[in-house]
Amino acid sequence: MIDVIAHNLAPIMFVSVMAMLLLGYPVAFTLAAGGLIFFVVGVELAALAPDQITLFWPLLQANPERVFGIMSNDTLLAIPFFTFMGIILERSRMAEDLLDTIGQLFGSVRGGLAYAAILVGALLAATTGVVAASVIAMGLISLPIMMRYGYNSRVATGTIAAAGTLAQVIPPSLVLIVMADQLGRSVGDMYVGAVYPGLLLVALYCVYVFIITIVRPEAAPALPKAARTLGGGVTSLIAALVAAATLYTIAYTFVFADLRYEVRLVWSAVVATLAVYGFSLANRHFGFGLLSRLAEQVIIVLIPPLALIFLVLGTIFLGIATPTEGGAMGATGALVLAFAKRRLDLSTLKQALDSTTKLSAFVMFILIGARVFGLTFYGVNGNIWVEELLLALPGGEYGFLIAVTILIFILGCFLDFFEIAFILVPLLAPVADKLGIDLVWFGIIIGLNLQASFLTPPFGFALFYLRSVAPPGPWPDAASGRTLPGIKTTEIYRGALPFIGIQILMIAIVIAYPPIVTHYKDEATAVDPGDVEFQLPPLGGSGGGLEGPPGGLQLPDLGMPPPGLGQPPDEGDSAEPAEAPAFDLSQPPSFD
């Protein structure tokens, strides 16, 4: 029996720790305790299976260095920055302004409020990056309005929950930061690779709502005319957009023509945006009447978050800032926006700092526990066990990707994405790399899978967030004066099912068509080492200066090879080089 345990300690350790997590024990302490307990077991059993267990007591001294390695990881600094930015924006009620404005913009269209929830979810994802903030904000603001105007409860709740989970895959997602760290890849590459899948997922959500409005128009009606308080005026909004595009083109072509590409793009966009935004503010303040109320409100409400998105993601994609620097600028920008709206006070700042500190400490402790677990797991050759298990799957890389997708989808029903990212991803990444799978592509597939886990019953966190703010029983609607029915938990679960199907379809598209992610390689200008020619011709000869074709590096001709390289001088040389000392490499060095 002891021999069986010794030879199968890796799977026993993995299953035991996963079982403890499923029972609800704290993640960080479960990982660390499991690692230490099985370390003791492994050391005692090492004599029975020395080829499979390589643990010994002094190896414990490696743990402090591994912990210090986590604390000095610059990549993880982006997590508190983006968390702080998201919380400040949530406290400044930006979601409320966006939902109201975009709801008015699409109000005359069937399903307009659902489209607004999806687009606002995408905007919040690109600014906050926090699922809880997006789902709770839209649940509090948009869900009562949808129910008031006759939306089907399953359509409303499913749309809100799914739109909130976009924060998992649209940059600056915390999942992508953690994934990049665990896969050893650039956060910037992960962000660029996630752009097209994120936008395509938004489009698929909108297509689903459009189909609903065709098949069941009563499930997603348009806003009645009395509820569209901003009225019409789309024409002046289009005119303002055309004016902004014209200003951008003029600035890019003529004003900043002498600057390099990135600087031209940034300053041209800044000039065009500030001009349209300033004109809208002046139109409202002085009552010029040149813009409709709708166009004026859309510009004033949408430009600040879009500018913040560009400040964060645009600078990262253009290579101007690192993700950590982008997060710092985003946090500063969020403070400025909240202050400009007069919604920043000491209480809000304290709450944001408290929440950011708690989340950052939570992530750090899980990472420390994962490092302790990993030291023992690798010591019992658990990585080899996982590798052999997964490489034996039929179908090569696609068989591996399908199996991993199914595994993470199932575990995502019960475990938090941090647990999956810190435990499973380090075990799966070496196998993916050995199969020749691009790790950024692999990370996006896992990120989409983890996003689906937020919607999957029974433990989908987005469903829990929405359940916490949705009315469980009949509730009085002050605006209409009616008593509206409550929303059952089963309705929330059923409403999420179509969106889970859409996300599975999105995973299949990304697996079947890798360029949707791997286009990130085209963003950087790579230099082929084969195109760089280094010439080391004589340096001396006629002038002893740097001569030769452009781009070639030339050194002076010393008239002889360097001593000790085993090439004697030509017999015709007049100079007798000094005799190089002989070294016998088969003998130990001696010092005279």
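Axis of helix 293-309 versus longest Cα principal axis of the chain: the two differ by about 20°, to the nearest ten degrees. For the residue pair R93 and I406, what label-to-label distance in nm results when each label sits 7 Å from Cα along the Cα-to-beta-carbon direction? Computed distance between label sites R93 and I406 equals 5.0 nm. Carbon-plus-sulfur accessible fraction, the range 174-317 (probe radius 1.4 Å, protein heavy atoms only): 71%.
Extension gain for I211-S72 works out to 45.1 nm (0.36 nm per residue, less the C-alpha to C-alpha distance). Accessible surface ranking for T54, T157, 1.4 angstrom probe, highest first: T54, T157. Taking a point 7 Å out from the Cα of T518 in the direction of its Cβ, the residues of the range 425-439 whose backbone N falls within less than 16 Å of it are 432-439. Surface composition of the range 356-448: carbon plus sulfur atoms hold 71% of the accessible area, using a 1.4 angstrom probe and ignoring ligands, DNA and RNA.
Rounded to 0.05, the FRET efficiency of the S108 and K341 pair, given R0 = 22 Å and the Cβ-Cβ distance, is 0.20. Solvent-accessible area of the range 1-147 (1.4 angstrom probe, protein heavy atoms only): carbon and sulfur portion equals 69 percent.
Calculate how steeply helix 489-512 sits against the longest principal axis of the alpha-carbon atoms of the chain, using the helix alpha-carbon long axis, and give the answer as 0 to 90 degrees to the nearest 10. With rounding to tens, the tilt is 40 degrees.
Per residue, the chain exposes 49 Å² of solvent-accessible protein surface, assessed with a 1.4 angstrom probe and all protein chains in place. Counting Lys and Arg as +1 and Asp and Glu as -1 over every other residue whose Cβ lies under 11 Å from the Cβ of V431, the net charge comes to -3. Angle, helix 323-340 long axis vs. longest principal axis of the chain, Cα atoms, 0 to 90°, nearest 10? So the helix axis and the longest Cα principal axis differ by about 30 degrees.
For the chain, the relative contact order comes to 21 percent (Cα pairs under 8 Å, sequence separation of at least 6).
Shape class for the range 209-257, computed from the alpha carbon gyration tensor (a ≥ b ≥ c): oblate, with a/c not under 1.5 and a/b at or below b/c. Restricting attention to the chain, the count of lysine pairs at 8 or more positions apart or across chains with alpha carbons under 29 Å apart stands at 4. By definition, a body whose alpha carbon gyration tensor gives a ≥ b ≥ c is oblate when a/c is 1.5 or more and a/b is not larger than b/c, and the chain fits this oblate description. Other residues within the sphere of radius under 15 Å centred on the Cβ of L174, judged by their own Cβ, net out at -3 (K and R +1, D and E -1).
The values are calculated or read from the model by the stated rules, or taken from the named source; none is laboratory data. All values reported here derive from a predicted model rather than from experimental measurement. FYI the Cβ positions are ideal-geometry reconstructions off the backbone, even for glycines, and counts take in every protein chain you see. Heavy atoms of the whole protein, side chains included, go into the accessibility calculation; ligands, DNA and RNA do not. Shrake-Rupley method; radii C 1.70, N 1.55, O 1.52, S 1.80 Å.
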